[in-house]
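Right, one structure below, let's go through it.
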Ligand SMILES: CC(C)(COP(=O)(O)OP(=O)(O)OC[C@H]1O[C@@H](n2cnc3c(N)ncnc32)[C@H](O)[C@@H]1OP(=O)(O)O)[C@@H](O)C(=O)NCCC(=O)NCCS
């Protein structure tokens with residue numbers, strides 16, 4: 001997987017149980033995944049269509065340093081699906097622990113908001129995944 005983004009969990013990000021609020025985590029993952037979709041598809045005209053099962057496997061506490069990783073799972077005609085993981089990073093040992101995982105599907109859109117094809121050369125590059 002490729003490193004896309006890094007985040008620090010701060011007090012303002014916590015929910016009522018003292019863990020990172022799930023909706024904040026989702027917005028971080030969505031933003032990180034969107035930037036990866038833009039880069040892979042060479043276009044910023046990508047919208048989030050779908051978020052699959054999200055597993056908040058471990059609590060994220062104040063001060064945790066998170067690294068967000070992604071990899072292309074599949075590219076269709078107009079859509080791209082990315083596997084996404086947030087990992088807690090220990091700066092002393094370099095150890096990483098997955099705290100949240102999911103996958104996102106984005107669709108490339110035209111000016112009217114309708115789906116349009118991702119460039120053929122990009123689709124060919126990832127055809128082996130389909
Ligand atoms: C994304 C959007 C343009 C798709 O429009 P649509 O009319 O459903 O498009 P289509 O039915 O032609 O499907 C487009 C692609 O999505 C895929 N798709 C549609 N429904 C899907 C589903 N439930 N699961 C997985 N893929 C799906 C289709 O397979 C197709 O992919 P492909 O071209 O790679 O084969 C439309 O749903 C939309 O505008 N949604 C709102 C997006 C949004 O506001 N997101 C939040 C802010 S970014």
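Quick note: the coordinates plus some simple rules give every number you see, no bench work behind them. Source: prediction; values computed, not measured. Neighbour counts run over all protein chains shown; Cβ positions are idealised from the backbone, glycine included.
Details
- Here the range 18-35 is the region considered, the condition is being in contact (Cβ under 8 Å) with a residue 24 or more places away in the chain and more than 14 Å from the ligand (Cβ to nearest atom), and the residue that is surrounded by the most Cβ atoms within 10 Å (Cβ to Cβ) is 20.
- Candidate set from the range 75-88 (those that are free of Cβ contacts under 8 Å to residues at least 40 places away in the same chain and farther than 14 Å from residue 53 by Cα); member that is nearest to the ligand (Cβ to nearest atom): 79
- Hey, residue 72 within 16 Å of the ligand (Cβ to nearest atom), more than 12 Å from residue 28 (Cβ to Cβ) and touching a residue at least 12 places away in the same chain (Cβ under 8 Å) or not: yes
- When the range 36-58 is filtered for residues that are surrounded by fewer than 14 Cβ atoms within 10 Å (Cβ to Cβ), away from the ligand (no atom under 12 Å from the Cβ) and assigned to a strand (DSSP E or B), only 55 remains.
- Check on residue 104, in contact (Cβ under 8 Å) with a residue 24 or more places away in the chain and within 16 Å of the ligand (Cβ to nearest atom): yes
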